[in-house]
Structure formats: structure tokens, C-alpha cells
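Enquirer: Submitted below is the structure of interest, expressed as C-alpha cells.
Nothing in this text is a laboratory measurement; each read-out follows from the coordinates by a stated rule. Please read all numbers here as calculations on a predicted model, not as lab measurements. Positions of Cβ are backbone-derived with ideal geometry, glycine not excepted, and every protein chain shown enters the neighbour counts.
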Ligand code: PLP
């Protein structure tokens, strides 16, 4: 955690690159997001809650709508034209998402409801296959509850032991501590690519090298906040599983994906039983369909998969590198401006390069919830609470923070309105 010095009263001059928005045509991008073009109580909406859920471009909304208007039927089972089209759309979407994360094979993408379900799937199935009494599962204090509770459930079931990597005062994983926790009993190492509560971008590739050198553990990445903001190449990251959610990356809710190494997916037992995931059913047992269908029981979220592929297409067209650059510009500005508000304490890494577009903060002497409510009164949408990461806020001695989070459609002017809004909130709440 970094406590930035307070006391600056004037906003610093903005460099040219900041004014331009670092290469993205944000005006054109905003035109794709109809929801952003609205006022709340007469003030233009400023949406700074994308880490919770991003907004959706017209291209994604249209893809879902067109699918339902033209192509919908259940997948895989039918011989009729619509069933063929729906199956084709569903499987082509899988291939699109597989290409996006550079999977070697589309069969390595399992559709899930989101990151939470993907992580529950891995914890359950790899747990059955590989984790026993006395084995160790390495997590960190930075984890979202979705990458924590499933492992607690596994530890309770199996008698495995949870080990937690500590955090530095700057909001980073303590890598020496991590190295010291890895050993012959380590079966699983599960970490977030990017922290939703601090914004920290973790050095996951380097950690992968360390995990490989010291253990034969499964290395699992929670990519809920990584995939929307950073180019992901699962082959070069060196992980075994990567979990992500559609709704945080311009796609619909209720859909996400788990990328897994084929050999591991083959080895793991199914997570849920039902239609679609079987090969043959006998009275006393069944055999399983091939990966990934083994993990996709029941009628899937076909329209969701189509929408997620459209979101990937959209993000690819804009370019993740440019999006990340733009977010760094916004983050740098937000941190600088907030640092000028007396009593503001910002959490997470000091360098914008080490932080995704997430700025959590408190105003000393006020409640995080009150600050968010005051911002809402100015039509600025942020989030307050523990952000489903209670260990993180506890680590830094608070029970909640106010969190602003940015995405490709946010502008410099919005960040300035946000900072002015925080100043107003502070003045009113402490008056
Ligand atoms: N992991 C992280 C880091 C998150 O930020 C979130 C959602 O906020 C999740 C996991 C869970 O994602 P979902 O609710 O889409 O399953």
C-alpha cells in the first residue's frame, strides 16, 4: 500500500499525450456504447465501475440479438438447419476465444458462467484428481473470494493445507515469501493475474517459472481482471489454467471461460453431471464425452458464447495494447489528482505500469460507502466495500475502500470530474 503525500492543491499540467488519450479514439469508442450516453439527475453519467462489470458495445448487443432473431436452437443434438447454425455459432465462438488467448486447440476452452464457476470447476476436479491429505495449496492474501473459497472447500474435503503468500506494503505479492512456500507437497498454486482490490498486475510469467522450477503443482490464474485489460497468451504465461468472465470484457453476463491444458483437462473428472457431458449411460455408471464437453453439462449459454466472441472481436479491433496504454494514462492522472486531495490514501502499487485501471482509496475520517454515495449524487458511479477481497482490505488495516475503475471508454474529462467529486465529497463529509 502506498500513502501518497497530500497537500497538492493545484492539478498538474497535463502532458500532450494525456490530453490526446494516448492513441485511442475515445469519442468513437463511446459512440459504440449506448448506455454511456445518458444523464443521471441532469448530470452526464461517469461510469467508473468497470472492474465490477463493464458496459457493452452495440456490436455485442447486436450479435446476441441477431443470434436470437435468426439462428437459435439447442446445440449439438439437432439435425435441422437452426440446430446446425446454433452449433456452428457456439463452436465458432469457442474457437474465437481460444485464438484470443492463444490456446493451442479450441478444445482447451471450457464455457462456464464466469470466472467463479471456472475456478470452482478446477478446484473440484483437480482436487479429486490430484489433492490429498497433507498436500498444500498456495494462494495469496490478494485473492478475490472466488479464488479462495473454492480452495477452502477443497481443503475441508481433502485435508489439504492452505498457505498464503503475503503482500508487500506497496500492494505486491511478496515473491520471496512465495518462493519459501513452494515445496514437494505443493499441489496447486492459484493466484490472480490482476488484483481487483488493489489493481496490482502480478508478474505471473516469472512466478510460473518459479513454480515449475520448484514443484509439479498445477498453476492456476484468475484472469477476471487480466483478460479485459492485458493481452493474454496462455502458452507464454506458463500457467495450466486461466479463468475469465465475459461481462468484465465488454461481453454479456452469465458466460465465461476456463482455458486448461489438454492433458490436465483429460485427466480431471467431470464437475457436474447431466446431458451433453456423457458418452454412454448405463444403469450403474456412465462414460464421459471428450473435453471440453465433459465439463459442459446441460444446455449451455449459447447466446452468451456468441456475445463473448463478439466482445473479443471488438477488443481485438481496438487493440488491447492501446487499451492498456489508455488506462495507464487515466490511472496516472487519477492518482496524481487524488494525491492532491488532503486526507486521501490510495492503495496499490505506486507505478502506473504496475497497476491496471483500478484506483482504490479512502478519505481519512470518512466511510468508503459515504464517499461512494456522495459521488453517486454527482452522477459518478464507483464501488465501495471490501470488493470480495476481505483479506486484502484487512491486510492494509481498513474494512472498506472506495474503488474507481477505468476502461477503454473513459475520458480524461471524466477522471477530472471524478477527482473534483472526491474533493467535494471530502469537503462536505468533513465539514
Ligand atoms: N476474480 C476477480 C479478481 C474478480 O475481480 C472477480 C469479479 O469481480 C471474480 C474473480 C469473479 O468473477 P465473476 O463474478 O464474473 O465470476
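Enquirer: Apply 1/(1 + (r/R0)^6) to the Cβ-Cβ distance of residue 66 and residue 376, taking R0 = 22 Å, and write down the FRET efficiency to the nearest 0.05.
Expert: On the way: r = 35 Å, r/R0 = 1.58.
Approximately 0.05, to the nearest 0.05.
Enquirer: So if each residue of separation counts as 0.36 nm, and I subtract the Cα-Cα distance between residue 149 and residue 74, what length gain in nm does that give?
Expert: Stretched fully, the residue 149-residue 74 segment lengthens by 23.7 nm.
Enquirer: Tell me the relative contact order for the range 165-230 as a rounded percent, counting alpha carbon contacts under 8 Å between residues six or more apart.
Expert: Computed over the range 165-230, the figure is 35 percent.
Enquirer: Oh, and also: Per-residue ellipticity at 222 nm for the chain, helices alone: DSSP H runs ≥ 4 residues times -39500 (n - 2.57), over residue total, nearest 500 deg cm²/dmol?
Expert: -11500 deg cm²/dmol
Enquirer: Once the Cα atoms of helix 412-429 and of the chain are each reduced to a long axis, what angle between those two axes, in degrees from 0 to 90 to the nearest 10, is obtained?
Expert: Roughly 70 degrees between the two axes.
Enquirer: Arrange the following residues from fewest to most other Cβ atoms within 10 Å of their Cβ: 268, 249, 308, 277.
Expert: Final ranking by Cβ density, sparse to dense: 277, 268, 249, 308.
Enquirer: Would you mind calculating the gained length between residue 321 and residue 272 on full extension (0.36 nm times residue separation, minus the Cα-Cα distance), in nm to one decimal?
Expert: Contour length minus Cα-Cα distance gives 13.9 nm.
Enquirer: Now for a separate question. For residue 92 and residue 420, compute 0.36 nm times the residue count separating them, minus their Cα-Cα distance, and round to one decimal in nm.
Expert: 113.5 nm
Enquirer: In addition: Principal axis lengths of the range 370-409 from Cα atoms, whole Å, largest first?
Expert: Taking max minus min along each principal axis of the Cα atoms, the range 370-409 gives 30, 26, 13 Å.
Enquirer: Against the longest principal axis of the chain, how steep is helix 81-100, in degrees 0 to 90 to the nearest 10, with axes from Cα atoms?
Expert: Computed tilt is about 60 degrees.
Enquirer: Please arrange 351, 214 by how many other C-beta atoms lie within 10 Å of their C-beta, fewest to most.
Expert: Fewest-to-most ranking of 351, 214: 351, 214.
Enquirer: The range 52-103: Rg/Rh from Cα coordinates, Kirkwood Rh?
Expert: 1.06
Enquirer: Which whole-number percentage describes the relative contact order of the chain, with Cα contacts under 8 Å and a sequence gap of 6 or more?
Expert: On the way: 890 pairs, mean separation 105.8, N = 431.
Here the relative contact order equals 25 percent.
Enquirer: Further question on the same structure: Which whole-number percent is the relative contact order of the range 72-170 (Cα, under 8 Å, 6+ apart)?
Expert: 20
Enquirer: Across the chain, how large is the tail of the calculated P(r) beyond 33 Å, expressed as a percent of all Cα pairs?
Expert: So the pairs more than 33 Å apart make up 36 percent of the total in the chain.
Enquirer: Does the range 380-431 come out rounded, prolate or oblate by the C-alpha gyration tensor, with a ≥ b ≥ c the root eigenvalues, rounded set by a/c under 1.5 and, if not, prolate when a/b is larger than b/c and oblate if not?
Expert: Because a/c hits 1.5 or more and a/b fails to exceed b/c, the range 380-431 counts as oblate.
Enquirer: In the chain, what percentage of the DSSP-assigned beta bridges are antiparallel, given to the nearest 5?
Expert: 60
Enquirer: Between residue 413 and residue 104, take the C-beta separation as r, use R0 = 60 Å, and let me know the FRET efficiency to the nearest 0.05. Write out the running numbers ahead of the final one.
Expert: On the way: r = 43 Å, r/R0 = 0.72.
Once rounded, the FRET efficiency stands at 0.85.
Enquirer: Sort 180, 158 so the one with the fewest other Cβ atoms within 10 Å of its own Cβ comes first.
Expert: Details: 180 12, 158 18.
So the residues, fewest neighbours to most, are 180, 158.
Enquirer: Which of rounded, prolate, oblate describes the range 176-321, given a ≥ b ≥ c as roots of the alpha-carbon gyration tensor eigenvalues and a/c under 1.5 marking rounded, otherwise prolate only if a/b is larger than b/c?
Expert: Oblate, since a/c reaches 1.5 and b/c is not below a/b.
Enquirer: Using Cα atoms only, what is the angle between the long axis of helix 115-130 and the major principal axis of the chain, expressed in degrees (0 to 90) to the nearest 10?
Expert: Helix 115-130 sits roughly 50 degrees off the main axis of the chain.
Enquirer: Rounded if a/c is under 1.5, else prolate if a/b beats b/c, else oblate: with a ≥ b ≥ c from the C-alpha gyration tensor eigenvalues square-rooted, which is the range 13-151?
Expert: oblate
Enquirer: Could you check the simple spin-label distance between residue 180 and residue 39, using points 7 Å along Cα→Cβ, in nm with one decimal?
Expert: 5.9
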